[in-house]
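Here the structure is laid out as structure tokens; the discussion comes afterwards.
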Amino acid sequence: MPAWFRCEQCEEKYYTASSREASKFSDECEKCGGDLQEILWDVPELIERETIVDFHLTENQLTSIYQGKVLSLNSDEIGLHVYSNKSNNLLNELATCYLSFSRSKRPKGRFYFNSQILGFYDHDDHQVVIKTPEFLVRREERSSPRFELETTVKYRIADDFGKLMAISDDNYNIGETRDISKKGLLLVDNLGLSVVNDKYIDLMIEYDDYKISTIGNIARVNSIDQSGDKKALGVKFLRRNVDTLKIIDELGLKKVAN
């Protein structure tokens, strides 16, 4: 499939007729040398009704102020049912907002876009109308490709490294990975926690005969059900020793071969 890219710095757009996987396309902007990100134009096909979105009012925020569900969509406007645990109303008409959502079907990945609040209704559950974006951004670590890996993971979470190491070895939570790369993984569990970003996490992952034990930092938290109890944690590895990287490489080759 042909692909479009946009420079994060100067916003110059580039097109390649080759698929992203097959292309030898440079990761740097020819104009300013900035990093390129893939962009997708078929917005109505990627944002569907009932899609759960994370709704931010500050760019690059790691946790959600709001989360919600897409109620309606056309070429001009998106209607959202946005809910929050916060009592104060931070929405302002014509303010910029930042949204993201995940897709489990092709094209898979996490998608981001900026928009503008066109209107809202101040009730217990906010009804918000935003402008339909021109395109979406899919961000991936091209130097560290992710691959699907669904397996059980034992983990424990603490505010800092010292507290993490003080937790009893048998006091682990049980979750499940969704994908993994050399830089991190996606962990899913019924946490029911409101905020767990920026905490440390100790991970023990087993898949067939492979075992990975490592420490990470929780970089992103997203609810993946309407109740907000089931969480997806984006974990960035802090410890990436040679043995761990070798195991992840072997796992990736095995998954591709299958």
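Throughout, read-outs are computed from the coordinates displayed, never taken from laboratory work. Only a predicted model underlies this, so the values are computations on that prediction, with no experimental measurement involved. Please note: Cβ atoms are built from the backbone with ideal geometry, for glycine as well, and neighbour counts cover all protein chains shown.
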| message | To make sure I understand, if each residue's beta carbon is the centre and we count other beta carbons within 10 Å, what order do PHE161, PHE120 fall in, fewest to most? | response | PHE161, PHE120
| task | Report the full-extension gain for the segment THR152 to LYS131: residue separation times 0.36 nm, less the Cα-Cα distance, to one decimal in nm. | result | 3.6 nm
| What is the sum of charges around LYS131, taking Lys and Arg as +1, Asp and Glu as -1, for the other residues whose C-beta is under 9 Å from the C-beta of LYS131? | -2
| field | Using a Förster distance of 25 Å, the FRET efficiency for ILE224-TYR172 (Cβ separation, nearest 0.05) | value | 0.70
| task | Along Cα→Cβ, 7 Å out, is where each label goes; now give me the distance between the ones at MET165 and GLU250 in nm to one decimal. | result | 2.8 nm
